[in-house]
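Have a look at the structure below, then the notes.
The values are calculated or read from the model by the stated rules, or taken from the named source; none is laboratory data. Here the structure is a predicted model, which means the values were calculated and not measured. Methodologically, a virtual Cβ is constructed for each residue, glycine included, from the backbone with ideal geometry; neighbour enumeration extends over all protein chains shown. When the accessible area is computed, the model is the full protein with side chains, heavy atoms only, and any ligands, DNA or RNA have been set aside. Shrake-Rupley method; radii C 1.70, N 1.55, O 1.52, S 1.80 Å.
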Amino acid sequence: MKTQGRILLRYKLLALLALMPITFLAIYLVLATNLFKNDKKVYIFDSSVFMSRSLALQIKMEIAAYKRSAAPVLEAINFESYKFSPRSISFFEAQKRIEHLIVLKKQHGKNGKYVETDYLKAENREVKELVLDPENTDKMRTIALKQGIMISDYKAVTRYFLIIESHFPEKDPRHFMTLAVYKAPEIFEAFATPNVYKSFLISRSRFISMRPLFIRSAQDKVRISNFDFFNTIITQQLPDGTTEVKTEEGHPTLVSFSDVGVGDLMVVSVVDKIAAFKTIDDLIYQSILFFVAIICIAIFISVISSISLTSAISKLMHATEQIGEGNFLVDLKLNSRDEFGELARRFSTMADKVSSLLTATAEKARMENELEMVRVVQENLFPPSSLEVGPIKIISHFEPASECGGDWFHYSQIAGKVYLWIGDATGHGAPAALITGAAKSAASIIETSEGITPGQALEVMNHALHSTAHGSILMTFFLAVIDPESGIVTYANASHEFPYVVPDKKGLKKKDLIPLCESKQGKRLGEEKNSKYDEATYQLQQGDSIVFYTDGVIDLQNIEGAEMGERSFIKAILTATEKSPHLAGRVDNFKKIIKEYRGNAILVDDVTMFWIQYKKI
């Protein structure tokens, strides 16, 4: 019975010691493989999108180059007979890349066919005679009538392209079309000879203009024979993007696309997904070999360890049996049951405590590292501390209450006007900092929209923050737009502390400060999805300044816990203004006042303010 018990324990230990590394290594193998696949997929998409964008830009520049070459020829055309004038011929002979140029004029009548009215051929041309596919030419002409221009590779001779362009609206009596054979070897090579990517130039009007011609590998499985492959792509409304599409045979591919920006042309890059992930299969195979080797080592070590441990336990059991029988002369230094058990207990306790301590330390370090990363990222959300835009000078001050704060301010220039942004998210720390990041992202998108008003901008930001936080974190906000030429301030308020206009005069008093509070205060950003924000205006005079701030300034506490309050805040503005006529001096004076009031007290909220001055030279 004793022998059977000892053997059973040995196998338990063997199974435990062997299964633990096997399980951990298996989990690691699965996680590492999935992570590598995702990283590989992202890398392929990023590189293929870059490829598509580059080719699209190259096509756009080539079309622009063609138009520059053809423009003087066509501008000198005789618009009565639609034949080339001597000047047109002279301009045509001076350029080197258009070898054939045909003018087509629509006939009057029911058929409305286009007939050739004149034809120019380059003297030293490589394309001796023009050979056209009537079906493709008719499709291209139909697309060109709608889109203005259409291009395709010239099937008869490589490195040349067929370009059909529509001039003037179709109903305009001056309307005519041109057909040209244009030399563009770099574009041809980019599409005709594929590498990892197969590139196509297509029209959203269901026409393939360019495709790979020279397939280097006989094992290539990505065969695209008709336009149906691109149906998923042409329905996309984005200018560029990525997706996964299967060929007619069901072969998976990774696809990226980018609009050319001319007509409805777009560049599509296709990658064989299976071939692209072949390196992952090799990695899995090598990982399995390594995994098997580790398992063998683990089993060997487990066998040795289990034998060693069970031998020591057997000796301990024998010693306890002797003590139970009354034999107290057991050499306890080697085989004492009490000593071995105490050692095991203490070691286990110590290991548990050390493990808990290491876990807590690692978690604390991780949190501190993440907070530090958030703080670094948030610092990049803020503008420089001082800025001058024409007659407007801006100086700011920001001091977070923790590693990362919930206050955010920004200033930017859109269409010649200066936008001044300031907001305060509820609370502070990482969640509030994330909301400020969302606000910055929304502001970056707004900055691309010329002519957007403060009220419209706050509606966009409200929608973005509501979609991000779903009302769990809100943000007060104030947005002002200053016209540098006229000095008119247009503003909207989302329940934020209203700024004060400080007139440029001596002997200022509290009643001289003008709050920008004429607009109706809207709801905080993120509170309701469809909130609207009213606007109001104010006319700045020469030398006037405005103080923007968050409630952290008013809620600033001293060492006794007493808040600064609005009265002391306004007094600080008046004192800072009285001591210095310059904006930088005023801000420095204001910072000294609040620093003296605070003393060594801990900040309870972020302190954010910036002071602007309107002063034409």
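Descriptive notes on the structure:
- Within region 142-160, if we keep just the residues that are farther than 18 Å from Thr178 by Cβ and among the aliphatic types (A, V, I, L, M), the residue that is modelled with the highest pLDDT turns out to be Val157.
- Region 494-534: number of residues that are in contact with a Gly (Cβ under 9 Å, 6 or more places away or on another chain), crowded, with 19+ Cβ neighbours inside 10 Å and part of a strand (DSSP E or B): 2
- If you go through region 163-183 and keep only what is without any contact (Cβ under 8 Å) to a residue 60 or more places away in the chain, outside any strand (DSSP E or B) and touching a His at 6+ places or on another chain (Cβ under 9 Å), you end up with Phe168, Pro169.
- When region 481-493 is filtered for residues that are surrounded by fewer than 23 Cβ atoms within 10 Å (Cβ to Cβ) and either basic (Lys, Arg) or in a strand (DSSP E or B) (or both), the ones remaining, listed by number, are Val481, Ile488, Thr490.
- Single residue of region 412-457 satisfying the filter (more than 23 Å from Pro391 (Cβ to Cβ) and part of a loop (DSSP other than H, G, I, E, B)) that is nearest to the chain's Cα centre (by Cα): Thr448
- Residue check for Ala439: at pLDDT below 95, touching a Phe, Trp or Tyr at 6+ places or on another chain (Cβ under 6 Å) and open to solvent by less than 20 Å² (accessible area, probe 1.4 Å): yes
- The number of residues in region 385-422 being closer than 14 Å to Val547 by Cα and in contact with a His (Cβ under 9 Å, 6 or more places away or on another chain) comes to 3.
- Search result, residues across region 415-436 that are under 24 Å from Gln613 (Cα atoms) and open to solvent by 10 Å² or more (accessible area, probe 1.4 Å): Ala415, Gly416, Lys417, Asp424
- Against the criterion of being open to solvent by 30 Å² or more (accessible area, probe 1.4 Å), in contact (Cβ under 8 Å) with a residue 24 or more places away in the chain and of a type outside the set (Ser, Thr, Tyr), Asp544 does not qualify.
- Residue in region 467-474 that is in contact (Cβ under 8 Å) with a residue 40 or more places away in the chain and open to solvent by less than 10 Å² (accessible area, probe 1.4 Å) present: no
- One residue from Tyr197, Tyr160 being closer than 28 Å to Ala76 by Cβ and either touching a residue at least 12 places away in the same chain (Cβ under 8 Å) or surrounded by 13 or more Cβ atoms within 10 Å (Cβ to Cβ) (or both): Tyr160
- Given (1) touching a Phe, Trp or Tyr at 6+ places or on another chain (Cβ under 9 Å); (2) in contact (Cβ under 8 Å) with a residue 12 or more places away in the chain, number of the condition Asn78 does not satisfy: (2)
- Residue check for Thr575: surrounded by 15 or more Cβ atoms within 10 Å (Cβ to Cβ) and more than 42 Å from the chain's Cα centre (by Cα): yes
- Scanning region 69-123 for residues that are open to solvent by 40 Å² or more (accessible area, probe 1.4 Å), closer than 23 Å to Asp172 by Cβ and part of a loop (DSSP other than H, G, I, E, B) yields Phe79, Glu80, Ser81, Gln107, His108, Gly109, Lys110, Asn111, Lys113.
- Consider region 124-141 and keep the residues that are open to solvent by less than 20 Å² (accessible area, probe 1.4 Å) and of a type in the set (A, V, I, L, M, F, W, C). The one that is modelled with the highest pLDDT is Met140.
- Region 578-610, residues that are open to solvent by 20 Å² or more (accessible area, probe 1.4 Å), in a loop (DSSP other than H, G, I, E, B) and of a type in the set (Asp, Glu): Asp605
- Residue list for region 256-291, restricted to those being among the hydroxyl-bearing types (Ser, Thr, Tyr) and either over 19 Å from Val222 (Cβ atoms) or modelled with pLDDT of 75 or more (or both): Ser256, Ser258, Ser269, Tyr285, Ser287
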